[in-house]
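The values are calculated or read from the model by the stated rules, or taken from the named source; none is laboratory data. Predicted model, so just to flag it, every value in this text is computed and none were measured. Cβ atoms come from the backbone with ideal geometry, glycine included; neighbour counts cover every protein chain shown. Heavy atoms of the whole protein, side chains included, go into the accessibility calculation; ligands, DNA and RNA do not. Shrake-Rupley method; radii C 1.70, N 1.55, O 1.52, S 1.80 Å.
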Amino acid sequence: FSSSISLSATGVPVGTTVSFNPNAIPAPGAGSSTMTITVGLSTLEGTYPITVIGTGGGIRQTVTVTLTVTAQVVLTWTPSPPPGIAGYNAYRSMISGGPYTKINSSLIPTTNYNDLTVQSGYTYYYVTTAVNNQGQESIYSNEASATVP
């Protein structure tokens, strides 16, 4: 490319947006752009080929990237009152009331966790615990549930 390059994408699934920063690479067509893919709640699980197109000076170049959309449940909770909270554990069950299985491998330092190991068509039940600086774990929180479409 010896001129500026405009960037676009095709094959983007419903509910998903693609943006470029910057939208165009100025002449003489040297530089880079960051592509951001934002997947919405209405985007179905699956694998999508997205074609990225660069056009400038009568030249068109394409490259295909693959977007894989998987199910997840995003958990958020109210923090336990300080002092001395080292982190949290998240637990999941397929049955309301448990028994629950811990799903994090190390303490969660914040009050949110993405459960990436869920499957579509199931309802999951969650509780959390707080762990203090001495390693003592609180009782379970109230149960929350999520159904993955």
Inset, instruction - Provide Rg and Dmax in Å for segment 37-94, with only Cα atoms included in the calculation. - result: 20.9, 64
Inset, instruction - Rounded to whole Hz and in sequence order, give me ³J(HN,Hα) for segment 115-130 from the Karplus expression 6.51 cos²θ - 1.76 cosθ + 1.60, θ = phi - 60°, writing x for Gly and Pro. - result: 8, 8, 9, 8, 10, 4, x, 10, 9, 10, 10, 10, 9, 10, 9, 9
Legend entry - Volume in Å³ per residue [convex hull over Cα atoms, computed for the chain]: 143
Inset, instruction - Compute the Cα gyration tensor for segment 62-130, then decide on rounded, prolate or oblate, letting a ≥ b ≥ c be the square roots of its eigenvalues: rounded whenever a/c is under 1.5, prolate when a/b is larger than b/c in the other cases, and oblate in all that remain. - result: oblate
Inset, instruction - For segment 89-99, take each phi angle, set θ = phi - 60°, evaluate the Karplus expression 6.51 cos²θ - 1.76 cosθ + 1.60, and give the result in whole Hz per residue in order, putting x for glycine and proline. - result: 10, 10, 10, 9, 9, 8, 10, 4, x, x, x
Legend entry - For the chain: relative contact order, % (alpha-carbon pairs under 8 angstrom, 6 or more apart): 19
Inset, instruction - Please give, to one decimal in nm, the separation of the simple spin-label points placed at THR64 and ASN132, each 7 Å out from Cα toward the Cβ. - result: 5.8
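For MET35 and ASN104, FRET efficiency with R0 = 25 Å and r from the beta-carbon atoms, rounded to 0.05?
In this case the efficiency is close to 0.20.
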Inset, instruction - With springs only between Cα atoms under 10 Å apart, run a GNM on the chain and tell me which of PRO83, PRO49, PRO13 wobbles the most. - result: PRO83
Legend entry - Where the chain is the region considered: accessible area per residue in Å², 1.4 Å probe: 62
Inset, instruction - For VAL148 and ASN112, compute 0.36 nm times the residue count separating them, minus their Cα-Cα distance, and round to one decimal in nm. - result: 11.2 nm
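With a 1.4 Å probe and every protein chain kept in, tell me what percent of the accessible surface of the chain is carbon plus sulfur.
Working: 4980 of 9200 Å².
Carbon and sulfur together cover 54 percent of it.
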